[in-house]
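Trainee: This is the structure I want to talk about, given as structure tokens.
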Amino acid sequence: MLPRCAFSVCHVLMLVLCLSAAEDFDWTKNDHGSFYYGTFPAGFSWGAGSSAYQTEGAWDKDGKGLSIWDVFSHKKGKIQQNETGDSSCEGYYKVKDDVSLIKELKLNHYRFSISWPRLLPTGIKSDHINEKGIQHYDQLIDHLLENKITPIVTLYHWDLPQVLQEKYGGWQNISMVNHFNEFANLCFERFGNRVKYWITFNNPWSVAVEGYETGEHAPGLKLRGTGAYRAAHHIIKAHAKVWHTYDTQWRAKQKGLVGISLSGDWGEPVDISNQKDIEAAERYVQFYLGWFATPIFHGDYPQVMKDFIGKKSVQQGLGTSRLPTFSPQEKSYIKGTCDFLGVGHFTTRYITQKNNPSSRSSSSYFSDRDLAELVDPRWPDPGSEWLYSVPWGFRRLLNFVKTQYGNPMIYVTENGVSEKMLCTELCDDWRIQYYKDYINEMLKAIKDGVNVKGYTAWSLLDKFEWDEGYSERFGLYYVDFRNKNKPRYPKASVQFYKRIISSNGFPNQREVENWRRKAVETCSSSNQLLAAEEQRSTAANILRLIHDPLTSHMEMVTEIVVPTVCTLSILLSAIFLMFLLRRRN
Ligand code: NOJ
């Protein structure tokens, strides 16, 4: 992730110039600041999301096998404060409670993921199917449907079975394609009569780059310059295989859709009159979202990736490119394997051209791109270090998808903002602002002609935020992780999002401002209640700590000291009595 960069005066001036020049773009006719009042197309689907490892807990319960995240998070020094997802939100035990929250929001869909090792403890179908795991997802799906909420199910949100990592090297190995296909097929077989929206992979960019290149995520491998490309290659093949399996074996009967969820930041040229910056910004997006989307829609990697990685590989004295290649048969097998595209989007970067030296030792995905990322210091960044709020970047990314991939059907599968708070804060005004502006940019994109069918707020609950542990909260609902019951409390953004949903957009300025005012008003009393509740539970915890040694001390006194003293006194009295009697005789 990019550190918060300070901008030079010259950069700021340049950005101001760029911002005004950017108005020439076709799809930026509305200037960045203007708000568009209007509604979404009828039938637009509103939702919220979660993922298994981030929320379920129950990491070793009811026959679940280990995932790479269970193992990685238990290693010291990998996660902030050495936290783990062992219990997280205890979502495994709170299906009914969480569905009530979803109902309260009046969501049309709920996005969640299935834990592969909960169904197949070793990852391999022929080894063992864990029926208890199946029952858990059956219960969740049924409960959603009873409440008229459409399940959107992700098959892989990063929790690879540990056995597959240990035995084969995980996504470095081509055998994952078949194992994943078997797992997906099992899900289609058991849940496909009720689930109609399937997402094969969530954000494969992170899996490849953070799992196999930088090692910040599980399985923590640092195979710089090759690991990410290899992992991505196998993931793309696995996605295509699963799509074909559904297409040939299940589609006619189940009539569902299979897509993939790709993440992408938008990259805006620092200087839009500079051709090199324009090309660098395009490269940034191609190396991010295009890396996966281009093979899936067009059959092969983006030309710019092939050119840059190929050229650098030659300079590094390698016989072949570090970017693997698809055979002609593979290209046609992969092309077109997407019924809808899931888009996960959070933030934007300014991009400028920067040549990186290409020595073999310094080869990496990042240096292959020959660019530098910059941020505008005026962009709000309330939470995660990398997450700056830049709503207009969202509209541009959506338009990019439209023009590059033939206007596919899009579901926004993740969008939201975190907070870094030491104390409890339910009045999340900045999140209301973020949702308001980002959702509005999505509305503008739809007016531009982008085919967006649904939106998923990320996330329903505060949860385990990967290497950041619990330090970053993305939830619409606050979770009190210090309380073992993991109670959930609505933040102000719940009220605001609910209003957007019930109006299917933004009716007019007065009403939208009213929503905001009301949401913030009601949250301050819940905030006080929660603060009091937390004080009470902190006090109770302290008392328990003080009380505990006292209790054990008392127990020792009554159970050991008192009986011993009594016995000794009786014995001593008996001896003394005998002594007295003897003397008298
Ligand atoms: C994308 C990941 O898919 C999700 O799990 C995570 O919570 C968000 N990024 C925020 O970091």
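Trainee: What percentages make up the Cα-Cα pair-distance distribution of the stretch 295-403 when the bins are 10 Å wide from 0?
Mentor: Values per bin, smallest distances first: 12, 29, 34, 23, 3.
Trainee: A further question follows. Just how many % of Cα pairs in the stretch 425-529 lie over 21 Å apart, if you round to the nearest whole percent?
Mentor: Cα-Cα pairs in the stretch 425-529 separated by more than 21 Å: 41 percent.
Trainee: Treating the angle as unsigned and between 0 and 90°, give the value, to the nearest 10°, between the Cα long axis of helix 227-245 and the longest Cα principal axis of the chain.
Mentor: 80
Trainee: Still on this model: Note down the accessible area of residue 427, probe 1.4 Å, to the nearest 10 Å².
Mentor: For residue 427, the solvent-accessible surface is approximately 30 Å².
Trainee: Could I ask something else about it? Express in % the proportion of alpha carbon pairs of the stretch 38-540 at distances exceeding 30 Å.
Mentor: The answer is 46 percent, as a whole percent.
Trainee: Additional query: As a test of reading the structure, rank 465, 513 by solvent-accessible area (1.4 Å probe, protein chains only), most first.
Mentor: Final ranking, largest accessible area leading: 513, 465.
Trainee: Tell me the label-point distance for the pair residue 147, residue 104, using the 7 Å Cα-to-Cβ offset, in nm and rounded to one decimal.
Mentor: Label-label distance for residue 147 and residue 104, simple model: 1.0 nm.
Trainee: So, one more: Among 484-493, 38-47, how do they line up from the highest to the lowest mean number of other beta-carbon atoms within 10 Å?
Mentor: Taking the mean over residues of other Cβ atoms within 10 Å, the ranking is 484-493, 38-47.
Trainee: Suppose accessible area is computed on protein heavy atoms with a 1.4 Å probe; arrange 244, 234 from highest to lowest.
Mentor: Correct descending sequence by accessible area is 244, 234.
Trainee: Please report, in cubic angstrom per residue, the volume enclosed by the convex hull of the alpha-carbon atoms of the stretch 346-430.
Mentor: 169
Trainee: Sticking with this structure for a sec: Restricting to the chain, what percent of DSSP beta bridges are antiparallel, rounded to 5?
Mentor: So the antiparallel bridges in the chain amount to around 25 percent.
Trainee: Please find the FRET efficiency linking residue 482 to residue 453, where r is the Cβ-Cβ separation and R0 is fixed at 45 Å, and quote it to the nearest 0.05.
Mentor: 0.70
Trainee: Using 32 Å as the Cα-Cα cut-off, could you pick out the over-long pairs in 103/420; 148/420; 196/498; 335/436; 306/402?
Mentor: Long pairs (Cα-Cα over 32 Å): 148/420; 335/436.
Trainee: Under a point-charge model restricted to the Cβ atoms of Lys and Arg (+1) and Asp and Glu (-1), what is the dipole moment magnitude of the stretch 239-381 relative to its Cα centre, in debye to the nearest 20?
Mentor: 600
Trainee: Let me ask something else. Which order do the peptides 85-92, 51-58 come out in when sorted by mean C-beta neighbours inside 10 angstrom, highest first?
Mentor: Highest mean packing first, the order is 51-58, 85-92.
Trainee: Excluding residue 510 itself, calculate the net charge of residues whose Cβ lies under 14 Å from the Cβ of residue 510, where each Lys or Arg counts +1 and each Asp or Glu counts -1.
Mentor: +2
Trainee: Further question on the same structure: So what's the net charge close to residue 159: Lys and Arg +1, Asp and Glu -1, counting the other residues with Cβ under 11 Å from its Cβ?
Mentor: Once positives and negatives cancel, what remains is 0.
Trainee: Say a paramagnetic label sat at a point 7 Å from the Cα of residue 529, along Cα to Cβ; which residues of the stretch 458-488 have their backbone N under 13 Å from it?
Mentor: Residues 488 fall inside that zone.
Trainee: May I ask you to derive the FRET efficiency for residue 379 and residue 522 from their Cβ-Cβ distance with R0 = 35 Å, giving the value to the nearest 0.05?
Mentor: After rounding, the FRET efficiency stands at 0.75.
Trainee: Compute the distance in nm between two label points, each set 7 Å from the Cα along the Cα-to-Cβ direction, one at residue 307 and one at residue 514.
Mentor: In this crude label model, residue 307 to residue 514 measures out at 5.5 nm.
Trainee: Taking each pair of different alpha-carbon atoms in the stretch 392-486 once, compute 1/r for the pair, average those values, and report the inverse of that mean as the Kirkwood hydrodynamic radius in Å to one decimal.
Mentor: For the stretch 392-486, inverting the mean 1/r across all distinct Cα pairs yields 14.9 Å.
Trainee: If Lys and Arg each add +1 and Asp and Glu each add -1, what is the summed charge of the other residues whose beta carbon sits under 12 Å from the beta carbon of residue 519?
Mentor: In short, +4.
Trainee: Counting heavy atoms of the protein chains only and a 1.4 Å probe, report the per residue accessible area for the chain as a whole number of Å².
Mentor: Spelled out: the 1.4 Å probe surface of the chain, per residue, equals 42 Å².
Trainee: What angle, in degrees between 0 and 90 and rounded to the nearest 10, separates the Cα long axis of helix 429-448 from the longest principal axis of the Cα atoms of the chain?
Mentor: Value to nearest ten degrees: 30.
The values are calculated or read from the model by the stated rules, or taken from the named source; none is laboratory data. This structure is a prediction, so every number in the text was calculated from the model and none was measured. Cβ sites come from the backbone with ideal geometry, for glycine too, and all protein chains shown count toward neighbours. We work out accessible area using only protein heavy atoms, side chains counted, and drop any ligands, DNA or RNA first. Shrake-Rupley method; radii C 1.70, N 1.55, O 1.52, S 1.80 Å.
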